[in-house]
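The values are calculated or read from the model by the stated rules, or taken from the named source; none is laboratory data. Computed from a predicted structure; not experimentally measured. Reconstructed Cβ throughout: ideal geometry from the backbone, glycine too, with neighbour counts over all protein chains shown.
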Number of protein chains: 2
Amino acid sequence: MEATLEILLAAGAQLEMDEIEVGEKVYLSGNTSGIAREAWDVIRKNKIFLKSPITTPQGGGYKSLNVSTRKFLGLYANVRPCVSLHPFVKTKHPIMDLVIVRENEEDLYAGIEHQQTDEVVQCLKLISRPGCEKIVRYAFEYAKQQGRKKVTCFTKDNIMKQTDGLFHKVFDEIALEYPEIVNEHWIVDIGAAKLADTPEAFDVIVMANLYGDILSDVAAQITGSVGLAGSANIGEECAMFEAIHGSAPLIAGQNIANPSGLLHGAIMMLNHIGESLAAEKIHNAWLRTIEEGIHTADIYDAGTSKERVGTKEFARAVIANLGKLPTALKAVSYANSSALVLPKYKRKAAAKKELVGVDLFIHWTGASPDTLAELIQPLEKAQLKLSMITNRGIKVYPDGFKETFCTDHWRCRFKTNDGDLLTKNEIIELLTKSEELNIDIIKTENLYAFDGIAAYSLGQGQ
Amino acid sequence: MEATLEILLAAGAQLEMDEIEVGEKVYLSGNTSGIAREAWDVIRKNKIFLKSPITTPQGGGYKSLNVSTRKFLGLYANVRPCVSLHPFVKTKHPIMDLVIVRENEEDLYAGIEHQQTDEVVQCLKLISRPGCEKIVRYAFEYAKQQGRKKVTCFTKDNIMKQTDGLFHKVFDEIALEYPEIVNEHWIVDIGAAKLADTPEAFDVIVMANLYGDILSDVAAQITGSVGLAGSANIGEECAMFEAIHGSAPLIAGQNIANPSGLLHGAIMMLNHIGESLAAEKIHNAWLRTIEEGIHTADIYDAGTSKERVGTKEFARAVIANLGKLPTALKAVSYANSSALVLPKYKRKAAAKKELVGVDLFIHWTGASPDTLAELIQPLEKAQLKLSMITNRGIKVYPDGFKETFCTDHWRCRFKTNDGDLLTKNEIIELLTKSEELNIDIIKTENLYAFDGIAAYSLGQGQ
């Protein structure tokens, strides 16, 4: 942090700073969140947070401060530029200059997990329209501001037609507002393969949380210089900036570490707060220093490096280069990088929502789906029929295959006849009767139509 | 298919075959499953299925036959060897010889999706103990049979402690039974980055469905020869073998396509049914042919190839090489590749399951979590308290942050006092009272303890 701040101030960045202590010392003082209430207050007041890598102690119920900060402060956009520095830093991908914009709050990372049968555990993947709109709009606005030409979207909407389908749909909607920027969509598996093999094919890529987590690590790694990258976490009110690498307690304080990751986080911070002149000056001085072969131990290579330096010496070399441009690497220009002010999400008008059925999930240790169907058929009514049973999503009743492997976790779908609606009280009746019949219902999922369109998936094979 | 069968028969494989028509023609005849009932009967009788790439027509509600086959027949293991053929086929990763073993039936690919509020869509990720045991055991047995030294497991269990945690735990349990094989675990984002950059670090990698889908495509692609790879889909009773590439209707029947993908599927099939002599003979003849520079158009490179050939000529070259070994590439040996017969999953004894609370999910368009808490507090009883409200997983009540962005999808946790149990009838009471109060409950998730241990996640920030 010291080296980075020294460079920021030398570049003339206009900053007022408060320092707070978070992480290991706070954890070990008995605070499982790793941050004191007063420190939160400082962050919430200042709204901008430059964070050193911190260590979450293993075991003992310590919560990751990174995750908490993102979620509590609503930092929905994680932005990670991944750039090759060929030939000054070794890489198999000499032409690479892309930015991954990762949704940072929702998806499987909502962390909602339940075990309700002996054999099956569940995690909820939640994808929201505001979440999609905010991240996709951020990606396009960022591309526009940074003069980038293309935004690519990765989803798996051939399988997850509703969740990933929503992300893809919102991407297509918002892309229309940016006709000057090329847009494209890849199925995430093929897209990931292309990214890993031919990263030069991409510019800005926007993704839901899990895909973004995995693929931003892939992209950073294959630049050959994962330790040099910074990342921004942007919210509607607050923002946090950091190195993408984790902490390295073994070398801390020994004048060995490469300050470049945190410095790149700080450059993104300066752009975010409108100090783009200082950001540009520092980034170009840094590129010049890398070009000159003045390298810390982590990227030092006898063939390409000129001088092996410590943290402080590296910082001083960058400061000495302030005002100079790189000669071989491309200089950056942040002339147009004013703070990105995005409109807040506006709630849409509600659709007409109609209850048309319910999925009852049952813990049952029998083997034959037909037997289970017999057990629950007493729940049927004239207007409400058992339409199918699935096990791990695959239809096993009616007309199942004996080869289908079944766990103790069964989903029984009760649906009204087409056009008829269900009431909540009828669901309650189903539950009451199930209890009388000793059927172990562990969870429910209501089935709705929105504006007349069924908003739930069919069973596989249905 | 013709070229592949010609090679199999020339190698002396002992095979009886039935041919069935699946895919495009069947789809377009009006069968949305792409396969006739009689064709299913043949597959289920023969139990072994070698499948050409098929085309699922876009739109029109056609179901992917690939997905249905895997799920209906219980093909839980997808096995994909990814091998570099340097210097005969171009690649950035000259040393690469790994196998990805992907769970093929569960995870998010159960395809269970629901939209229950205007803003939020949900997909269930299901991970089961039998699913984990079967795939992990398959990976170790496969490694043992094929003389491989290490099995690596990728999960994201630092975030998904229960679902991915189960996968990791089962991996650790089963690894103990194979002391002669090295085992290791990587968090999937870091593991993916390592895989994409340094694939030579891996041998066999076992993963849940989604990670396996994405990363097997990455691994196949970076070998430089994605069109050459085959894959096996293994079940307890049946098995399907195929090329990993999709169909290419534009070049079908023109004597242009590379038959190697399907041929590699067929080689895995021969090993699976105990025809390992023929499998070894064909694989070595194929390696020899690749070495000789006899290449189809897709991998032809003026610098390294010697002769550009069509599908039939390539097949004939392989046949001519039957009995020969490669001289530069490493020859394969399948002497020990008898059919892999794994024990069927045995259900474990049930744990003591106790109901200790319920998560009620509410569609509510208000803004303040405190207001929502007031609305639902009448549901509380002496023994059953509202312990928290989360929005997309993050705790917003009590002691929420105003910066946390909230959608219309709220999870309200009602928990008994420590040590007290809840009854199903009390949940029904909660639902009944909610209905009276006009609270829109869209789904429920029961909270259980198994053998006294809470089997649900806390809220983030709780």
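Structure values in brief
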quantity: Enumeration of residues in region B:64-88 that are part of a loop (DSSP other than H, G, I, E, B), surrounded by 21 or more Cβ atoms within 10 Å (Cβ to Cβ) and facing chain A (nearest Cβ under 10 Å); calculated: B:LEU73, B:GLY74
quantity: Filtered residue count, region A:207-224, keeping only those that are more than 9 Å from chain B (Cβ to nearest Cβ) and in a helix (DSSP H, G or I); calculated: 2
quantity: Residue within region B:125-148 that is closer than 19 Å to B:ARG392 by Cα and either at pLDDT below 95 or not hydroxyl-bearing (Ser, Thr, Tyr) (or both) present; calculated: yes
quantity: Condition met for A:PRO259 (more than 14 Å from chain B (Cβ to nearest Cβ), surrounded by 23 or more Cβ atoms within 10 Å (Cβ to Cβ) and modelled with pLDDT of 90 or more); calculated: yes
quantity: Test for B:ASP157: is it touching a Lys or Arg at 6+ places or on another chain (Cβ under 9 Å), of a type outside the set (Val, Ile, Thr) and at pLDDT 95 or above; calculated: no
quantity: Counted residues, region B:384-425 - those being at the interface with chain A (Cβ under 7 Å from one of its Cβ atoms), in contact with a Pro (Cβ under 8 Å, 6 or more places away or on another chain) and in a strand (DSSP E or B); calculated: 0
quantity: Residue check for A:THR55: touching a Lys or Arg at 6+ places or on another chain (Cβ under 7 Å), more than 9 Å from chain B (Cβ to nearest Cβ) and part of a loop (DSSP other than H, G, I, E, B); calculated: no
quantity: Selection from region B:225-246 of residues that are more than 14 Å from chain A (Cβ to nearest Cβ) and farther than 27 Å from B:PRO87 by Cα; calculated: B:PHE241
quantity: Of all residues making up region B:100-125, the number that are more than 7 Å from chain A (Cβ to nearest Cβ) and either within 16 Å of the chain's Cα centre (by Cα) or not hydroxyl-bearing (Ser, Thr, Tyr) (or both); calculated: 6
quantity: Filter result for the condition that a residue is more than 9 Å from chain A (Cβ to nearest Cβ) and either modelled with pLDDT under 95 or under 30 Å from B:LEU75 (Cα atoms) (or both), over B:ALA449, B:ALA367, B:ALA349; calculated: B:ALA367
quantity: Selected residue (criterion: nearest to A:THR69 (Cα to Cα)) from residues of region B:426-440 that are of a type outside the set (Ser, Thr, Tyr) and at the interface with another protein chain (Cβ under 7 Å from one of its Cβ atoms); calculated: B:LEU431
quantity: Filter result for the condition that a residue is surrounded by fewer than 23 Cβ atoms within 10 Å (Cβ to Cβ), touching a residue at least 12 places away in the same chain (Cβ under 8 Å) and in a helix (DSSP H, G or I), over A:ILE299, A:ILE290, A:ILE319, A:ILE267; calculated: A:ILE319
quantity: Criterion violated by B:SER387 - all others in (1) surrounded by 16 or more Cβ atoms within 10 Å (Cβ to Cβ); (2) within 30 Å of A:VAL356 (Cα to Cα); (3) not β-branched (Val, Ile, Thr) satisfied; calculated: (2)
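Let's see how each residue does on (1) part of a loop (DSSP other than H, G, I, E, B); (2) more than 9 Å from every other protein chain (Cβ to nearest Cβ); (3) on the phi > 0 side of the Ramachandran plot:
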| residue | (1), (2), (3) |
| --- | --- |
| B:CYS153 | no, yes, no |
| B:ASP157 | yes, yes, no |
| B:LYS169 | no, yes, no |
| B:TYR178 | yes, yes, no |
| B:ASP189 | no, no, no |
| B:LEU195 | no, no, no |
| B:GLU200 | no, yes, no |
| B:ILE205 | no, yes, no |
